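Asker: Pasting in a structure now, in structure tokens, and then I'll have a few things to ask.
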Amino acid sequence: MVQRLKADFSLLIVSLIWGLTFVTVKNAIADMAPFTFIAIRFAIAFLFMSLFCYKKLLKLDSRGWLSGILVGIFLFSGYSFQTMGLQYTTASNAGFITGLSVVMVPLFCSLINRKLPSPLVLAGAALAGIGMGFLCLNKGYTYNLGDVLVLMCAVSFALHIIFVGRYALHTDVTVLASIQIGVVAVLSCIAALGFEAHVPVRFSRDVWIGLITTAIPATSLAFFIQTYSQKYTTPMHTAIILSTEPVFAGIFGYLLLDE
């Protein structure tokens, strides 16, 4: 019980860190295309993580690599669908639909495990979904094409949480976190070359700040903490706790950007 409480609290810290980085990322992608920024951010994070586990990576069996690659694909899919969806929908719609992953996790877990979550978990997921609506949809909801893409983002993030919880029990958490970060870096680089006009030669001050604040604290350390914590808590707990990210984003946006 104590271990689970520590894990849940650690996930809350991760959510706070990700909420804080909304400010720096928002400023950074004003000067750099999103996939290029994500590719550089995750590449730096992967190199940092590799310093601590490169020997384990070299000795890892095919099952461990496949686990890391799969969760990395889910993570990249979440970022890419959200990035593409934001071109066609509003930020409020995107925030609400992305937050629906908290409701999807217990539903998907029920289908996979053929077992209903506890009433408290269902109530927590429902309240989180309703709260996301109040937070993001203050001017009403209007359906558009981008919503479908962002819905796929929510599905991807939900599956990422579920499968990290599954594989973290059997795979070294440093290795699992490193591989998924590396996969996101590679796929984002491919997406940047395919969809974005050019790779910048010089980085602006906001881009440097964004990379410094996200590459290691909000990527290497945050995904390591999430992966480690999910050894001791359930995917449903994880989803509910991580749904506080837009709450922290709103608080820091108000305090630091005067939003």
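Asker: Residue check, residue 77 against (1) open to solvent by less than 20 Å² (accessible area, probe 1.4 Å); (2) part of a helix (DSSP H, G or I), all met but one. Which one?
Answerer: All conditions pass for residue 77, except number (1).
Asker: Which pairs do you get when a residue that is modelled with pLDDT of 95 or more, found in the stretch 183-203, comes within reach of a residue that is open to solvent by 60 Å² or more (accessible area, probe 1.4 Å), reach meaning Cβ atoms under 8 angstrom, with the pair 6+ apart or on two chains?
Answerer: 183/69; 183/73; 185/46; 187/73
Asker: Could you tell me which numbered condition residue 31 fails, if it satisfies all but one of (1) open to solvent by 50 Å² or more (accessible area, probe 1.4 Å); (2) touching a Gly at 6+ places or on another chain (Cβ under 8 Å); (3) not in a helix (DSSP H, G or I)?
Answerer: Of everything listed in (1) open to solvent by 50 Å² or more (accessible area, probe 1.4 Å); (2) touching a Gly at 6+ places or on another chain (Cβ under 8 Å); (3) not in a helix (DSSP H, G or I), residue 31 misses just condition (2).
Asker: Let me ask something else. Could you list, in sequence order, the residues of the stretch 243-259 that are buried (at least 17 other Cβ atoms within 10 Å of the Cβ) and either part of a loop (DSSP other than H, G, I, E, B) or at pLDDT 90 or above (or both)?
Answerer: 243, 244
Asker: Something else about it: Residue check, residue 150 against (1) at pLDDT 95 or above; (2) of a type outside the set (D, E, K, R); (3) farther than 16 Å from residue 229 by Cα; (4) surrounded by 23 or more Cβ atoms within 10 Å (Cβ to Cβ), all met but one. Which one?
Answerer: Failing condition for residue 150: (1).
The values are calculated or read from the model by the stated rules, or taken from the named source; none is laboratory data. Note that the structure is a prediction, hence the values are computed from the model and not measured. Note that each Cβ is placed from the backbone with ideal geometry, even for glycine, and that neighbours are counted across all protein chains shown. The area values use the complete protein model at the heavy-atom level, side chains included, leaving out ligands, DNA and RNA. Shrake-Rupley method; radii C 1.70, N 1.55, O 1.52, S 1.80 Å.
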